[in-house]
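What follows is a set of notes on a single structure, which appears directly below.
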Amino acid sequence: MIRDMPRAVRKRIRFLEELGASQKRDDMLSYDRLRQVPPVTGRFLAILALAAPEGRWIEVGTSGGYSALWLTLAARERGAGITTFEISEKKAELARESFRTAGVEDVVTMVVGDAVEHLGDCSNIAFCFLDTEKDLYGPCYDLTVPRMVTGGILAADNVISHEEVLRPWTEAALGDPRVDAVVVPVGSGVLVARKI
């Protein structure tokens with residue numbers, strides 16, 4: 001899956017990595033800056049998604065499409081699709097270009113809008129990647145977990161890098177009796193929760 005990554009996907013992943021690095025150097029406004037996981041987290045998510053049961057795959061926080069590209073590797077292997085939510089039209093435009101140039105438009109469905117307004121319409125969620133504004137982790141988690149299938153996996157990024165801000169939510173998720181959860185020190189820290 002990862003070793004035989006399609007050339008077009010690999011090329012777009014590299015492009016987004018370079019774009020993200022240049023934006024950090026240029027000190028862009030926080031809202032406009034691309035926010036994407038490091039490559040090790042992308043690989044981790046792809047492997048994790050392969051372990052998900054049958055059901056719907058979703059991502060909250062598309063940005064430029066970087067993590068979704070990693071997830072398409074697992075989706076193709078599993079015959080799954082990904083619905084990804086992005087509130088910023090500017091970032092969604094870049095993500096659409098990412099999906100088009102990487103040749104994965106048949107695997108990814110982009111929803112432009114507030115995920116909190118759409119997650120209530122989702123059901124049978126088998127995999128969720130949460131990487132959005134930190135104040136939305138709680139509402140997104142609360143909408144997603146009840147809609148997950150047994151054995152469904154939720155992964156949330158930045159729980160170590162943003163530990164101070166996310167600590168109350170992280171502790172609540174780790175103590176949630178509906179899931180088994182652990183914080184994995186990969187990249188910026190990923191909370192992984194499996195629906196019981």
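Listing for the model above:
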{"read-out": "Helices (runs of 4 or more DSSP H) wholly inside region 23-122 that include at least 3 residues being small (Gly, Ala, Ser)", "value": "39-50, 66-78, 89-102"}
{"read-out": "Selected residue (criterion: surrounded by the fewest Cβ atoms within 10 Å (Cβ to Cβ)) from residues of region 187-196 that are among the β-branched types (Val, Ile, Thr) and under 14 Å from the mean Cα position of the chain (by Cα)", "value": "VAL192"}
{"read-out": "Boolean, LEU69 is touching a residue at least 60 places away in the same chain (Cβ under 8 Å), buried (at least 24 other Cβ atoms within 10 Å of the Cβ) and over 16 Å from ALA156 (Cα atoms)", "value": "yes"}
{"read-out": "Residue within region 115-131 that is of a type in the set (S, T, N, Q), in contact with a Gly (Cβ under 9 Å, 6 or more places away or on another chain) and surrounded by 14 or more Cβ atoms within 10 Å (Cβ to Cβ) present", "value": "no"}
{"read-out": "Enumeration of residues in region 155-170 that are among the charged types (D, E, K, R) and touching a strand residue (DSSP E or B) at 6+ places or on another chain (Cβ under 6 Å)", "value": "ASP157"}
{"read-out": "Members of region 147-186 that are small (Gly, Ala, Ser) and over 14 Å from the mean Cα position of the chain (by Cα)", "value": "GLY151, GLY152, SER161, ALA172, ALA173, GLY175, ALA181"}
{"read-out": "Residue in region 163-183 that is under 17 Å from GLN36 (Cα atoms) and touching a residue at least 12 places away in the same chain (Cβ under 8 Å) present", "value": "no"}
{"read-out": "Selected residue (criterion: surrounded by the fewest Cβ atoms within 10 Å (Cβ to Cβ)) from residues of region 80-97 that are touching a helix residue (DSSP H, G or I) at 6+ places or on another chain (Cβ under 8 Å) and small (Gly, Ala, Ser)", "value": "GLY81"}
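Here's the yes/no breakdown for (1) part of a strand (DSSP E or B); (2) surrounded by fewer than 19 Cβ atoms within 10 Å (Cβ to Cβ):
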position: TYR137; (1), (2): no, no
position: TYR141; (1), (2): no, no
position: VAL149; (1), (2): yes, yes
position: LEU154; (1), (2): yes, no
position: ILE160; (1), (2): no, yes
position: GLU164; (1), (2): no, yes
position: ALA173; (1), (2): no, no
position: PRO177; (1), (2): no, yes
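One line per residue, one yes/no per condition, for (1) more than 19 Å from GLU133 (Cα to Cα); (2) surrounded by 19 or more Cβ atoms within 10 Å (Cβ to Cβ); (3) without any contact (Cβ under 8 Å) to a residue 40 or more places away in the chain:
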site: GLU59; (1), (2), (3): no, yes, no
site: SER63; (1), (2), (3): no, yes, no
site: ARG78; (1), (2), (3): yes, no, yes
site: PHE99; (1), (2), (3): yes, yes, yes
site: GLY103; (1), (2), (3): yes, no, no
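Every read-out reported here was derived from the displayed coordinates using simple, explicitly stated rules and does not represent laboratory data. Computed from a predicted model, the values in this text were never measured in an experiment. Methodologically, a virtual Cβ is constructed for each residue, glycine included, from the backbone with ideal geometry; neighbour enumeration extends over all protein chains shown.
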